[in-house]
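To start, the structure under review is shown below, and the notes come after it.
Read-outs throughout are calculated quantities, based only on the coordinates presented, and are distinct from any laboratory measurement. All values reported here derive from a predicted model rather than from experimental measurement. Here the Cβ positions follow ideal geometry from the backbone for every residue, glycine too, while neighbour counts run over all protein chains shown.
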Amino acid sequence: MNPKIWLSSPHMGQQEFSFVKEAFDTNWIAPLGPHVNGFENDLELFTGSKYAAALSSGTAALHLALIMLGIANGDEVICQSLTFSASANPIAYLGAIPIFIDSESETWNMCPDLLETAIKDRIIKGKKPKAIIAVHIYGMPAKIEEIIAIGEKYEIPVIEDAAEALGSSVNGKAVGTFGLMGILSFNGNKIITTSGGGALISDDEKFISQSRFLATQARDAAVHYQHSQIGYNYRMSNVCAAIGCGQMQVLPERVKQRRKVYEYYLKNLSGIAGIDFLYEPDHYFSNRWLTAILVDPSKGKGVNRETLRLSLEKENIESRPLWKPMHLQPVFQNYPSYTNGVSEPLFSKGLCLPSGSNLKDEDLKRVVDTIKQHF
Ligand SMILES: *Cc1c(COP(=O)(O)O)cnc(C)c1O
């Protein structure tokens, strides 16, 4: 059997272990410590966000963002439909109602026109949505300037789910810094990892200090343990942050490597009828977290996405369909959605190819050769 090729596996550099060793040597093993502060500083510098709070996951960051916006039972929150379920789950944690919005075909992210249609319709139906969760899927920035403008017009705050898009930007400005708050993830398969973790970023200091407070059980300033609010255990541990400090040193390199993976697939597969790619609009920069292809059986000898996925699997190569839109998920399908027919064919035709920054040339060649056999 050929060695396994993963979709996106952790990729450590030279420094992570020495930061972790430092954490051990100084006994900062707790969920606070100098590496947490160091990692937060690195994130601020890299994204250009004024403030960052390191948390236990991207999901936790989004949960806290919604709590701080006062989202409560019965409130409506707008969310991109084509995404990972973690973008929508925190809405449900709060008993709020997700309103799903379909994509546009240029970036595969939330369609701004449909967003405005939905807001107008929700207002007519009697409830103005309280927040908008925009996602930068697979690292490709959403039409974030348009989305922010609509948010401002209707005075609805935008939270950016940049979990997949650390290193991506529009007009040189990092995604995650356009909205009132942004969230990042350092889960094992993301562009950099702390083995598990996330962050909240914002230019508004009050959200960051409030998120740190809520993430450490909402303990009041008193010598004894006193609480006036419900708290959470959502802070990042210092050991995980130490890994993050090492990963931040190699992040620019990781972005380059992921983009090279995309270029390789583009060069070797884009000539095939029936295979298409996601391109960067002008002034958009994607970290190319995952390269996805669209497989159209009507153009390419009847070969479909699933044929390719199974034949890659047979070769011990992991690939994965695009995210199944939330408005089609059993758990969310009864919530309101505004659709335009864009995300459903993306789901049926889309396949994410191995995109890790640690893939070797021969790995990429194996993937391409396996796909080419069918055409
Ligand atoms: C990974 C991911 C998250 C959640 O991040 P975790 O750190 O795994 O909780 C949220 N949104 C999107 C789009 C993601 O891909």
Using unit Cβ charges (K, R positive; D, E negative) and no other charged atoms, how large, in debye to the nearest 20, is the dipole of segment 8-151 about its Cα centre?
540
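So, R0 is 51 Å and r is the distance between the beta-carbons of residue 310 and residue 216; what FRET efficiency does that work out to, to 0.05? Don't skip to the end; give the middle numbers.
Details: r = 47 Å, r/R0 = 0.92.
Working from the Cβ atoms, E equals 0.65.
Exposure proxy check: 191, 91 ranked by fewest other beta carbons within 10 Å? Don't skip to the answer; put the middle values down first.
On the way: 191 29, 91 26.
Final ranking by Cβ density, sparse to dense: 91, 191.
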State the Cα centre-to-centre distance between segment 214-243 and segment 280-333 in whole Å.
39
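Counting other beta carbons within 10 Å of each Cβ, put 289, 108, 28 in order, fewest first. Spell out each step's value before the answer.
Numbers: 289 29, 108 26, 28 18.
Ordered by Cβ neighbours within 10 Å, fewest first: 28, 108, 289.
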Separation of the residue 45 and residue 27 label points, Cα + 7 Å toward Cβ, nm:
2.9
Positive-end residue, segment 48-188 charge dipole about Cα centroid, Cβ charges, pick of 174, 184, 140:
184
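Nearest 5 percent is fine: what portion of the DSSP beta bridges confined to the chain is antiparallel? Could you put the intermediate results ahead of the total?
Working: 25 of 43 bridges.
So the antiparallel bridges amount to about 60 percent of the total.
With only Lys, Arg, Asp and Glu charged, each at its Cβ (+1 for the first two, -1 for the last two), find how big the charge dipole of segment 263-375 is about the Cα centre; round to the nearest 20 debye.
Numbers: 14 positive and 14 negative charges, 50 e Å.
Dipole of segment 263-375, to the nearest 20 debye: 240 debye.
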At q = 0.24, 0.26 Å⁻¹, what log₁₀ I(q)/I(0) does segment 297-375 have when each alpha carbon counts as one equal point scatterer in the Debye sum?
-1.12, -1.22
Can you pick out the pairs among 267/299; 130/349; 260/299 whose Cα atoms lie more than 22 Å from each other?
130/349; 260/299
Residue 273 label point, 7 Å along Cα→Cβ, cut-off 18 Å on backbone N: hits in segment 293-329?
294-305
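According to the square roots a ≥ b ≥ c of the eigenvalues of the Cα gyration tensor, what is the shape class of segment 197-301, taking rounded for a/c under 1.5, prolate for a/b larger than b/c otherwise, and oblate for the remainder? Write out the running numbers ahead of the final one.
Details: a/c = 3.54, a/b = 2.72, b/c = 1.30.
Prolate, since a/c reaches 1.5 and a/b exceeds b/c.
How long is the gain from residue 4 to residue 228 if the chain were fully straight, where each residue apart is worth 0.36 nm and the alpha carbon distance is subtracted?
Details: separation 224, 0.36 × 224 = 80.64 nm, distance 5.11 nm.
Here the segment from residue 4 to residue 228 would lengthen by 75.5 nm.
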Note, ³J(HN,Hα) from phi for segment 335-347, Karplus 6.51, -1.76, 1.60, rounded to Hz, x at Gly and Pro:
7, x, 9, 10, 10, 9, x, 8, 6, 5, x, 4, 5
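Can you show me the helix-derived [θ] at 222 nm for the chain, built from DSSP H runs with n ≥ 4 at -39,500 (n - 2.57) apiece and divided by the number of residues, rounded to the nearest 500. Walk me through the numbers on the way to the answer.
Details: 11 runs with 135 residues, N = 375.
-11000 deg cm²/dmol, from helical runs alone.
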Put in order of increasing Cβ neighbours within 10 Å, starting from the fewest, 288, 258 give 258, 288
Treating only Lys and Arg (+1) and Asp and Glu (-1) as charged, each at its beta carbon, one finds that the chain has a dipole about its Cα centre, in Debye to the nearest 20, of 680
Comparing 235, 212, 122 in a Gaussian network model of the chain (Cα, 10 Å), the one with the largest mean-square fluctuation is 122
